[in-house]
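Asks: The structure follows.
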Amino acid sequence: GCREFNFTQTLPYLLQESFNHEQLYLNIQASLADVFEWIETVFWACLPKEYKALVELVELLPGKPDSPVAPFLSLVININVATLGHRDAKDKLLCLVLAVGHFTGGGIVLKEQGLVVELRHGDFIAFTSADTTHFNLEY
């Protein structure tokens, strides 16, 4: 049979937590603005085809939302969390993980590639999270 599809669930939106902690969200956005701009510049220089494809996706969205983490649409902040293995089925093209803070351990595992990447403060990695089972180790 025919199934209904709720398209509003696929549009970018702020989670309720963003409103509950609005000042924290705005502080993080302001504090990391230069970092996000630098990542965008590096991403454009190193992966221009993928960068263009992500920008084109953003331009297709109603209202053309302004993202503080352009050309990406979402920002997830994990604090002191070790994640379970998963894939992000709704991610388009690439996911970017940025390490912030001084810590030991917590390497990101890319299962299909057989890699454990030990990121340090300021390092970032981009990968196809829809096709790659990934998680981070305890730290």
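What follows draws every value from the coordinates through simple rules; no lab data is involved. Quantities reported herein were computed from a predicted structural model and do not represent experimental measurements. Backbone-built Cβ (ideal geometry, glycine too); neighbour counts: all protein chains shown.
Asks: What distance in nm separates the simple spin-label points at Thr104 and Ser31, each placed 7 Å from Cα in the Cβ direction?
Replies: Between Thr104 and Ser31, the simple spin-label model gives 2.4 nm.
Asks: Name the aspartates and glutamates eligible as straight-distance cross-link partners of Lys111: C-alpha to C-alpha under 12 Å, and not fewer than 8 places from it in the same chain.
Replies: Asp131
Asks: Report the gain in length on full extension from Thr133 to His21: 0.36 nm times residue separation, minus Cα-Cα distance, nm rounded to one decimal.
Replies: Full extension of this stretch gives 37.3 nm more.
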